[in-house]
Structures are given as structure tokens and as C-alpha cells.
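The values are calculated or read from the model by the stated rules, or taken from the named source; none is laboratory data. Note that the coordinates shown come from a computational prediction; the quantities given were computed from them, not determined experimentally. Cβ atoms come from the backbone with ideal geometry, glycine included; neighbour counts cover every protein chain shown.
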Amino acid sequence: MKIPCNDSKITSAVWGPLGECIIAGHESGELNQYSAKSGEVLVNVKEHSRQINDIQLSRDMTMFVSASKDNTAKLFDSTTLEHQKTFRTERPVNSAALSPNYDHVVLGGGQEAMDVTTTSTRIGKFEARFFHLAFEEEFGRVKGHFGPINSVAFHPDGKSYSSGGEDGYVRIHYFDPQYFEFEFEA
């Protein structure tokens, strides 16, 4: 089957719950839910103002997080595409992932790659940023890349995460025991 998309280029897509639909993010910032059987648009929302760079589902596929050039990552319901939460940064977000074990979101991004040579790593914000899923508050950062982070992913057991950057490195980060003992105070 082909699903024509003439208005705005699709930049990221994932299978929806039970494989009944495809959730796609567009260059325009729109999200569409397409029927896997007919290809018709079931739901259309525009919560982002710029290109969506990445979409990643939660372990149970009930929600997903989108990463955008508008300096935000947003949490959505997978069935209705209803916007739930927003995680804000000062730089474009290239990738975001949901922890399989905790109410945590990791974001990766940074200054545009074409501007990197004129900026120090401190100013470019080339660090993975951790947010609490419910409270939308940042609680940690991990440095290491010296270019924008293009992709982040949690290990299925939730004990580590990986990040891939424009600098050509893939970094695997194992969490310290304090990460598993940490409790967010509201």
C-alpha cells in the first residue's frame, strides 16, 4: 500500500497500538494517524510549530513522545493523539525516549550541526537531558558529546540508555545506583 503525502514530507513514523495504524510526524509539525488497512487519515493534529525529528512509543504503546525543531518534546496519547505534556529546552530537540521503568523522558539535541564549528561544547548544549514525565521538570543532564545528539534510546531493561551524535560516536550510559534510588519531590 502507498499512502500519498503531498502537503508536508513525513520525517518520522511508528506503528500504533496493535498495528492498526501508523503515526507519522511531518516537516510542518503536524502529526497524522493513518489507518493501516485503508491508508486514510484518522486523526490530524498540529501541536508543534516546526519539523518533527523523532517519534518513540512507550513500552505499552499507550503513549508516545515526539521531538521537534521547535525546541520541545511533547507527550501524546497513541490512540487519540491528544497532547498530554510538553518538555521545553533552549535548542532543537532531535530525539526523545520514554523510560520503560520510570516516569522519565530523555531528550537529545543541541545547536544545529552547521553552526557547531563556531560554538564551544558548553554553549552548544550537547547533553542528554532528563525530565520527569508527570511534572515536566528537568532533573538531570549527561554531558559527553561534542556535537548535536541525533538519537537517544533506553535499553528495554531500563538500566541504561544510548545516545548517538553528530560527532560520530554512540555512547552507552549505564545508570549509577543513585538513579534507581532517586525519588522526585513534588
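Can you run down the residue pairs with Cβ atoms below 8 Å, 6 or more apart or on separate chains, where the first is in the stretch 86-109 and farther than 18 Å from Glu137 by Cβ and the partner is in a strand (DSSP E or B) and among the acidic types (Asp, Glu)?
Close Cβ pairs (under 8 Å, with a partner that is in a strand (DSSP E or B) and among the acidic types (Asp, Glu)) amount to Asn94/Asp54; Ser95/Asp54.
Kindly establish whether Phe146 is out of contact with any helix residue (DSSP H, G or I) (no Cβ under 6 Å at 6 or more places or on another chain) and modelled with pLDDT under 95.
When the stated conditions are applied, Phe146 does not pass them.
Take the stretch 51-65 and flag every residue that is in a loop (DSSP other than H, G, I, E, B) and touching a residue at least 24 places away in the same chain (Cβ under 8 Å).
Gln51, Ser58, Arg59, Met61, Thr62
Which pairs do you get when a residue that is within 21 Å of Lys69 (Cβ to Cβ), found in the stretch 21-44, comes within reach of a residue that is aromatic (Phe, Trp, Tyr) and in a loop (DSSP other than H, G, I, E, B), reach meaning Cβ atoms under 6 angstrom, with the pair 6+ apart or on two chains?
Qualifying pairs under 6 Å: none.
Considering every residue within the stretch 1-24, establish whether at least one is within 24 Å of Tyr179 (Cβ to Cβ), out of contact with any Cys (no Cβ under 9 Å at 6 or more places or on another chain) and of a type in the set (A, V, I, L, M).
no
Hey, among the residues in the stretch 70-91 that are part of a loop (DSSP other than H, G, I, E, B) and closer than 14 Å to Gly25 by Cβ, which one's nearest to the chain's Cα centre (by Cα)?
Asp70
Here's the yes/no breakdown for (1) modelled with pLDDT of 95 or more; (2) over 13 Å from Asp167 (Cα atoms); (3) part of a loop (DSSP other than H, G, I, E, B):
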| site | (1), (2), (3) |
| --- | --- |
| Pro100 | yes, yes, yes |
| Val105 | yes, yes, no |
| Met114 | no, no, no |
| Val152 | yes, yes, no |
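Checking Ser8 against (1) polar (S, T, N, Q); (2) in contact (Cβ under 8 Å) with a residue 24 or more places away in the chain; (3) within 27 Å of Pro148 (Cα to Cα), only one condition comes out false. Which one?
(2)
Restricting the search to the stretch 154-168, which residues are in a strand (DSSP E or B) and either within 19 Å of Gln111 (Cα to Cα) or of a type in the set (Asp, Glu) (or both)?
Within the stretch 154-168, Ser163, Gly164, Gly165 qualify.
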